[in-house]
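Encoded as structure tokens, the structure appears first; notes follow it.
The values are calculated or read from the model by the stated rules, or taken from the named source; none is laboratory data. The model shown is predicted, which means the values in this text are computed figures rather than measured ones. Note that each Cβ is placed from the backbone with ideal geometry, even for glycine, and that neighbours are counted across all protein chains shown. Heads up: the accessible areas ignore ligands, DNA and RNA and are worked out on the full protein's heavy atoms, side chains in. Shrake-Rupley method; radii C 1.70, N 1.55, O 1.52, S 1.80 Å.
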Amino acid sequence: MKLTTLVTATLLTLTLGVAGVVLTPATTGHAKAKTTLKTFPKQLRGTWYADAGKIDGYHYYNGVRFTAKRFYFQANVTKNFVGFPLHAHKLPFNGTKKGHLEWAYATKHHGLVKVAPWNRNVTLPLAGYYRKTTTKIKGHKVTVVQQVSANKKYVNYQYYATKKLARQFAKH
């Protein structure tokens with residue numbers, strides 16, 4: 001009798017153990033980021049323009065440029081891009097690191113890339129949340145980079161791949 005009970009208990013344990021392994025859900029959740037971005041996402045990389053208007057017959061443009069490890073911006077009707085190297089930092093990081101005023105950091109959250117200056121005492125004119133998307137303007141599908149609010153409700157700026165597209169769709 002003891003042998004039968006022992007064999008039954010062993011079979012029951014093995015059966016439940018195998019079933020437990022089969023029924024256990026896979027743990028494929030995403031790990032939370034531990035540092036700020038080391039490089040900008042490939043989808044954002046490139047130079048993007050927004051028409052800033054016409055002054056004395058000449059078109060001026062605002063622009064952003066993302067390379068793998070630098071963020072450039074062109075603002076206030078200047079002709080040159082100003083660059084900030086991207087540096088990674090262990091999270092949490094709130095942008096209060098002293099020194100290196102010309103650095104920037106970036107984080108990614110819910111499909112947005114946040115670009116901010118390394119030190120809060122420095123102003124980075126085009127700092128904010130960026131995303132690349134396709135939008136329909138005047139019946140045309142156009143790929144754009146948008147600077148949006150943190151909650152994705154408002155588009156502050158919309159940048160196009162070329163100056164010609166920026167001028168063409170500036171009045172939409």
Item checked: Solvent-accessible surface (1.4 angstrom probe) belonging to TYR58, in square angstrom, nearest 10 -> 100 Å²
Item checked: For PHE81, net neighbour charge (Lys/Arg +1, Asp/Glu -1) across residues whose Cβ lies under 13 Å away -> +3
Next item on the list: Could you tell me which of the pairs LYS141/LYS164; LYS42/LYS138; LYS42/LYS163; LYS54/LYS141; LYS79/LYS153; LYS69/LYS114 are separated by over 23 angstrom between their Cα atoms in the structure shown?
Entry: LYS42/LYS138; LYS54/LYS141; LYS79/LYS153
Notebook entry, point to check: Share of segment 102-153's accessible area from carbon and sulfur, percent, 1.4 Å?
Noted result: 46 percent
